[in-house]
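The values are calculated or read from the model by the stated rules, or taken from the named source; none is laboratory data. What you see is a predicted model, and the numbers here were worked out from it, not measured in a lab. For neighbour counting, all protein chains shown are included, and Cβ atoms are generated from backbone atoms with ideal geometry for every residue, glycine included.
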Amino acid sequence: MKIQSILAFVLLIFTISDSFSQSTNFSTESRGNQILGRLQIKTGCKTPYHNAIKPYARNHSVLYAFDLLENDSILSRKDRYDIQYLLDDSNECLETMDIDFYQKTKKPILKTFYRSPANFYELNKRNIHLRVNPILNFFYANAENQSEPVLLNRAGLRLRGGLYNKVFFASNLWRTQGRFANYVTSQINETEVIPGAESYGAFESSLFNIENGFDFSNAQFYINFNVTKHVGVQLGHGKNFIGNGYRSLLLSDFSSNYNFLKFDWNVWRFQFQNIFAELETNNQLDRNTATVKKYTATHYLDYALHKNINIGFFETVVFSRNNQFEFQYLNPVILYRTVEQAIGSPDNVIIGLNGNWNFLKRFQIYGQLILDEFKFDELILDNRGWWANKYGYQAGIKYINALGVDHLDLQFETNTVRPYTYTHNDTSAVYSHFNQPLAHPLGANFREYLGIMRYRPTNKLSLEVKVIQYQKGEDDLGRNWGGNILLSNDTKAQSYNNTITQGVTNTTTILSGLASYELFHNCFLDLEYFQRSKNSIDDKLDLETRYIGGGFRLNIARLDQNF
């Protein structure tokens, strides 16, 4: 299709009714999010979405893809390949708009399956569309100094669709059997929960020589409604992410899925998001016993100061009311401290800032500031290391097409969080879900530095190297030094002279390398090298991990366990 015709359709899109204001979303770990992020930096073109709020909507990715085609001269061959990926992966949006820039497979399997490159099965009718894709993932590695291998065997199904271009739904379900590296297993034994999942059962395999494996499921689902052109509502069970970094100190996708009700308000340069979520105070392996519920009410207001500059204000409150929601917190705009005073209940309120600036069509600088609690005179006038000066910050930079090499991207980031941040005197109000942090996976009392290099020498081959080093303070002899956010801050080791990484300090270094080859849309062969070295001042806590492994993925992202 000619570029002029495409642009005509783009103009039509912006003049049609509000029926295209919502769609299904990419998952938070989707390749589509990464593509959209780097294209925005490179092109400098204004986006129809706010880049710190993830996951991105599929219809927004299509709108942005066509907008970029208007600036075709600034796109490389690999950029156009990325744009084609976005269009193929969200082709229901093209079908809905009746745009023939919609790839179809010349010879579908049995004339029914893979009629387009991205979908195993698809249905396109006037008032309904449906996409169905299988999930398959197998990874195997022999780890040094471990009696059992690292194994991951995942299988499931992805389904998404829409009705009358007003209601959209998605469901992702998969089951996992396997065995993790020693440091992950150690954390599972401590928290009784698999990172990113919930409860689990035992798994054994004589074929792979596994006696102490894990068997667990993961389910995500949601339904979107278009209320008006500017207001969307989503009810679901899943994850959200706020920020531009590899990590987030505000809200990340590290924890397991949770039930939520989300409102998105898009007016002029503002996007305002409300998330009301139901969480678990802890994990119980006995599923016959109901867990105690807690709740969060979260606001995030993002303002596009310029097409390349965004700033945002974050606020959340965590509270427990005997398995009942505090309806005072349904107020979508008021500061929660005023609500606390009104109801006479000091819950755990956390506020923060997020910002990013894209410049020179090569760079993005970004950062976050999180304030859990602080006292001005203790922090500024007489800084004695008071325990309740609880804050954290993030600073990072991305360099796209580094040194003039197409699709060589570099990222550097640092994260620092003081002891006792995210904690509360009431353990049911700490910022966690199923014994897992809702923000950074390390919790608190740490400094972290990370570097990421991504390079795509060809359209099909992707290379990635990550180097992560952090210093973290752990507890000793029953003393709470502020690194474990699940503990009440009433058990703190001391009130003053608190410093970052206090307690039993360890330095952990992670080095990983990944080569992925794309066989066809969302189908990859992976080869990975992973090394993790924990060096603690208590030699008994030292731990080494090293393995080389490979695997196969279809319609699912890699399981990232870099903590």
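Being part of a loop (DSSP other than H, G, I, E, B) and β-branched (V, I, T) narrows it down to one residue among T507, T501; which is it? So the residue among T507, T501 that is part of a loop (DSSP other than H, G, I, E, B) and β-branched (V, I, T) is T501.
Cβ-Cβ distances below 6 Å connect the following pairs, each with a first residue in the range 234-261 that is more than 18 Å from F446 (Cβ to Cβ), a second residue that is in a strand (DSSP E or B) and basic (K, R), and a separation of six or more residues or different chains: Q234/K262; F241/K54. Restricting attention to the range 122-146, the residues that are exposed (fewer than 15 other Cβ atoms within 10 Å of the Cβ) and either free of Cβ contacts under 8 Å to residues at least 12 places away in the same chain or in a strand (DSSP E or B) (or both) total 6.
For the range 165-174, the count of residues that are within 18 Å of F139 (Cβ to Cβ), more than 22 Å from the chain's Cα centre (by Cα) and in contact (Cβ under 8 Å) with a residue 40 or more places away in the chain is zero.
Is it fair to say T491 is within 18 Å of G385 (Cβ to Cβ), out of contact with any Phe, Trp or Tyr (no Cβ under 8 Å at 6 or more places or on another chain) and either surrounded by fewer than 18 Cβ atoms within 10 Å (Cβ to Cβ) or charged (D, E, K, R) (or both)?
Yes; evaluated as a whole, the condition is true for this residue.
Just so you know, in the range 448-470 the residues that are buried (at least 17 other Cβ atoms within 10 Å of the Cβ) and not hydrophobic (A, V, I, L, M, F, W, C) include one that is farthest from T509 (Cα to Cα), and it is R456. When we screen S256, S252, S248 for residues that are within 23 Å of I556 (Cβ to Cβ), of a type outside the set (D, E, K, R) and touching an Asp or Glu at 6+ places or on another chain (Cβ under 9 Å), the only hit is S256.
Would you check which residues across the range 483-497 are in a loop (DSSP other than H, G, I, E, B) and farther than 20 Å from D382 by Cβ and list them?
G483, N484, I485, L486, L487, S488, A493
Considering the conditions (1) modelled with pLDDT of 95 or more; (2) farther than 30 Å from I41 by Cα; (3) of a type outside the set (G, A, S), L353 is excluded by exactly one of them, (2). Filtered by the rule that a residue be in a strand (DSSP E or B) and modelled with pLDDT of 95 or more, the range 472-482 gives K472, G473, E474, N480. Which pairs do you get when a residue that is at positive phi, found in the range 201-217, comes within reach of a residue that is buried (at least 16 other Cβ atoms within 10 Å of the Cβ), reach meaning Cβ atoms under 9 angstrom, with the pair 6+ apart or on two chains? Every condition considered, the pairs that remain are N209/E148; N209/P149.
In the range 243-250, the count of residues that are outside any strand (DSSP E or B) and more than 30 Å from G396 (Cβ to Cβ) is zero. Pull up the range 389-405, narrow it to residues that are on the phi < 0 side of the Ramachandran plot and among the polar types (S, T, N, Q), then point me to the one that is surrounded by the most Cβ atoms within 10 Å (Cβ to Cβ). Taking the candidates together, the pick is Q394. Of the residues D264, D286, D302, the single one that is farther than 22 Å from N425 by Cβ, at pLDDT below 95, buried (at least 19 other Cβ atoms within 10 Å of the Cβ) and not polar (S, T, N, Q) is D264. Counting only residues that are closer than 21 Å to S76 by Cβ and assigned to a strand (DSSP E or B), the range 453-471 holds 7 of them.
Scan the range 509-536 for residues that are in contact with a Gly (Cβ under 8 Å, 6 or more places away or on another chain) and surrounded by fewer than 16 Cβ atoms within 10 Å (Cβ to Cβ) and the total you get is 3.
Look at (1) within 30 Å of Q531 (Cα to Cα); (2) over 22 Å from the mean Cα position of the chain (by Cα); (3) without any contact (Cβ under 8 Å) to a residue 60 or more places away in the chain; (4) surrounded by fewer than 20 Cβ atoms within 10 Å (Cβ to Cβ) and you find that G178 fails only one, number (4). Elements of the type strands (runs of 3 or more DSSP E) sitting completely within the range 342-449 and holding at least 2 residues that are without any contact (Cβ under 8 Å) to a residue 24 or more places away in the chain: these cover 363-373. The residue that is surrounded by the most Cβ atoms within 10 Å (Cβ to Cβ), counting only those in the range 537-563 that are of a type in the set (A, V, I, L, M, F, W, C) and assigned to a loop (DSSP other than H, G, I, E, B), is I556.
Just one residue in the set K166, K78, K125 is within 30 Å of I400 (Cα to Cα) and of a type in the set (D, E, K, R); that residue is K78. Filtering L408, L403 for residues that are closer than 30 Å to L461 by Cβ, in contact with a helix residue (DSSP H, G or I) (Cβ under 6 Å, 6 or more places away or on another chain) and among the aliphatic types (A, V, I, L, M) leaves a single hit, L408.
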